[in-house]
Amino acid sequence: MRTARLTLAAATPAHLRTELDAPERLASLLGAEVADDWPSGEYDRDAMEFFHERLREGGDAAAGWYGWYAIRHADGDGPRALVGAGGYLGPPDEDGIVEIGYSVLPEWQRRGYAGEIASALVARAFALAGVARVIAHTTLENAGSVTVLTRLGFVTAGPGPEPGIIRFELPRPSAP
């Protein structure tokens, strides 16, 4: 997927295995600079292992339904660089619900990248007929994430799966 400033590359088992076993090789695999403090936020070793296992189990049908690398396009301000990650927690469930998540490295925050990542994930999800609703979870203290979600049209929909977590939802837009 491409946005105005990013290329979102779907994680493959090879990407994830590299991150887990030899993270210093990820830059070469992605063709982008990777910061020493990669990964960031909720995208951690547990998430990598979860995505790797789901992709291995799901084969071709699982491709694109888990992690995506957010790679900044090279421009006059710098080279291609890995700025964050996003993705889904799996394909749509039986009710057509898909959950998204995203994380941006601290040095790239407050530049609109989280919004670009989330917007691209939502657009991809709604491009598929079986998706009725996209959800996301965050805390009210995470003002940046709340802002991203509300700007995209998500509304609060009650508590999340753990104390302090809020569920946000975005229904499929009605046809004009």
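Throughout, read-outs are computed from the coordinates displayed, never taken from laboratory work. These figures come from a predicted structure and were not determined experimentally. Note that each Cβ is placed from the backbone with ideal geometry, even for glycine, and that neighbours are counted across all protein chains shown.
Quick look at the values:
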| quantity | calculated |
| --- | --- |
| For segment 12-73, convex hull of alpha carbons as volume per residue, Å³ | 89 Å³ |
| Environment charge of Ala132, counting only residues whose C-beta is closer than 11 Å and scoring Lys/Arg +1, Asp/Glu -1 | -2 |
| Neighbourhood charge, 13 Å Cβ-Cβ cut-off, centred on Gly101 and excluding it, Lys, Arg +1 and Asp, Glu -1 | -3 |
| Computed magnitude of the charge dipole of segment 10-51 (debye, nearest 20; Cβ of K, R +1, Cβ of D, E -1) | 240 debye |
| Debye, to nearest 20: dipole size of the chain, +1 on Lys, Arg Cβ, -1 on Asp, Glu Cβ | 700 debye |
| Extension gain (nm, one decimal) between Ser119 and Arg151, 0.36 nm per residue minus Cα-Cα | 10.6 nm |
| Residues Glu42 and Asp77, FRET efficiency given R0 of 25 Å [Cβ-Cβ distance, rounded to 0.05] | 0.40 |
| Residue among Ile166, Val104, Gly76 farthest towards the positive dipole end of segment 6-171, charges placed on Cβ | Gly76 |
| Residue list for segment 58-96, given a label point 7 angstrom along the Cα-to-Cβ vector of Ser28 and an amide N cut-off under 19 Å | 80-82 |
| Cβ-defined net charge surrounding His73, 14 Å radius [Lys, Arg +1; Asp, Glu -1] | +1 |
| Calculated FRET efficiency for the pair Asp95/Ser174, C-beta based, R₀ 22 Å, to 0.05 | 0.80 |
| Segment 48-140 - charge dipole about Cα centre, Lys and Arg +1 at Cβ, Asp and Glu -1, debye rounded to 20 | 320 debye |
| Extension gain (nm, one decimal) between Glu141 and Arg17, 0.36 nm per residue minus Cα-Cα | 41.3 nm |
